[in-house]
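Notes for the one structure printed next.
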Amino acid sequence: MALIPLNCRNCAAPLQVPEDLKHVTCMHCGTQLAVVHEGGAAYTEKLDQLAERTEKIEDKVDQLHRQQQIASLDREWELAQQGFLVKGKDGHTSIPSAGGAIFSCLAGIGFCILATTIGLNASEGMSGPGPGPQVIFPAFGALAAVVGIGTGFWQFVRADQYQQAKRRYESRRRKLLSED
């Protein structure tokens, strides 16, 4: 077995170490050393320094992993948000809200009242075959109320689903950030 000449990294004392040895203790100062082979050269390194560097590397890897998880979570949330968006008449998209849902319901009910009032006022003094304005306008108004209330209910459910998903996302993100 061939011996290689090395020096202690702590006290610089000369050491003769078998070339296949990975760890050695200096007989002069008692320092535990790692025998490092790089290419054709060999040297010693204190094990405590290796442990410190390893811990620093592990910390950096953990930090990078956490940052990657946060970035991935953010991308998932951006995609999930797209599924909740509500399209307006002009093609503009927005996040569903309870206020928008209430507005839709009230608009439908208001149109129902308006159509019924127009139908009742238009029917005075009118007679003839078939359903008159007194039937058509209130029926149209009732249809508008059903559509408005249905749309409002749908928007309210979507707004609630969006808020729940947002709370889950924010909770998961806070948890990842607090692991620092």
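Numbers at a glance
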{"read-out": "Qualifying lysines (Cα of each under 28 Å from Cα of Lys87; at least 8 residues distant if same chain)", "value": "Lys166"}
{"read-out": "Where labels lie 7 Å past Cα in the beta-carbon direction, separation of Phe103 and Gln68 in nm", "value": "4.4 nm"}
{"read-out": "The chain - Debye-derived log10 I(q)/I(0), Cα point model, q = 0.13, 0.16, 0.19 Å⁻¹", "value": "-0.85, -1.00, -1.13"}
{"read-out": "Magnitude of the charge dipole, the stretch 1-115, Cβ model with Lys/Arg +1 and Asp/Glu -1, debye to 20", "value": "380 debye"}
{"read-out": "Residues of type lysines that Lys56 reaches as a straight line, Cα spacing below 25 Å, ignoring anything fewer than 8 places off in the same chain", "value": "Lys22, Lys46, Lys175"}
{"read-out": "Cβ-derived FRET efficiency at R0 35 Å, Lys175 paired with Ala41, nearest 0.05", "value": "0.15"}
{"read-out": "Helical contribution to [θ] at 222 nm, DSSP H n ≥ 4, -39,500 (n - 2.57), averaged over the chain, rounded to 500", "value": "-22000 deg cm²/dmol"}
{"read-out": "Probe 1.4 Å, all protein chains present, accessible-area order of Arg167, Arg158, largest first", "value": "Arg167, Arg158"}
{"read-out": "Positive-end residue, the chain charge dipole about Cα centroid, Cβ charges, pick of Leu106, Leu79, Gln155", "value": "Leu106"}
{"read-out": "Solitary cysteines of the chain, where the nearest other Cys Cβ is not under 4.7 Å", "value": "Cys105, Cys112"}
{"read-out": "Within the chain, longest stretch free of exposed GluC sites (Glu not before Pro) [DSSP loop, at most 15 other beta carbons within 10 Å]", "value": "20-123"}
{"read-out": "Charge-dipole axis of the stretch 1-105 as Lys and Arg at +1 and Asp and Glu at -1 on Cβ define it, positive-most pick from Gly88, Val17, Gly39", "value": "Gly88"}
{"read-out": "The chain: DSSP helices with Cα axial extent of at least 27 Å and average Kyte-Doolittle hydropathy no lower than -0.5", "value": "98-122, 133-178"}
{"read-out": "Heavy-atom accessible area ranking, 1.4 Å probe, most first, across Ser104, Ser171", "value": "Ser171, Ser104"}
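The values are calculated or read from the model by the stated rules, or taken from the named source; none is laboratory data. Note that the structure is predicted; figures quoted are calculated from it, not measured. Using ideal geometry, Cβ is built from the backbone for each residue, glycine included, and neighbour counts are taken over all protein chains shown. Heavy atoms of the whole protein, side chains included, go into the accessibility calculation; ligands, DNA and RNA do not. Shrake-Rupley method; radii C 1.70, N 1.55, O 1.52, S 1.80 Å.
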